[in-house]
Structure formats: C-alpha cells, structure tokens
C-alpha cells in the first residue's frame, strides 16, 4: 500500500485546528507549533514526490505508457 501524504496532512491539520476552536488546546500553542514546524510540510511533500513514481497511473486504467510497446494478445488462445 502506498503512503498518501496529502490526505494525512489535511486530517492532522483539521484535527489540530478543531482542537484550537474548541479551546481544548490554546490557539497560541497551535500558532507557535505551526510557526516552528511548518518547514516539515515541505520536507514531507518533497519526500512524497521522490517516493511516488513519475507519471504513474494511479487507477490502473491508463493503458500502456508511450515508451513501452503495446501489449500483444494472441489471435487464437491455445486450446487444450
């Protein structure tokens, strides 16, 4: 299974902001956390870009790539 960084980052961000809105965590603490650790988002996005294959078909229905010859199917399947 492939790690999906963006959805996880959005969930973490949403939960953190929700905790601040509900006054479970003081907003000043959240502001300080993001002010300190925002470069980690850049590191995460860059790592995800390196780990994902370039030009990969995400859903498996894209067909053959341009640099690969098309797959050939036999005209008559072998009968036993």
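Each value in this text was obtained by applying a stated rule to the coordinates, not by laboratory testing. Computed from a predicted structure; not experimentally measured. Cβ atoms come from the backbone with ideal geometry, glycine included; neighbour counts cover every protein chain shown.
Overview of values
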{"item": "Where labels lie 7 Å past Cα in the beta-carbon direction, separation of residue 51 and residue 15 in nm", "result": "1.7 nm"}
{"item": "Nitroxide proxy distance, nm - points 7 Å out along Cα→Cβ at residue 5 and residue 43", "result": "1.2 nm"}
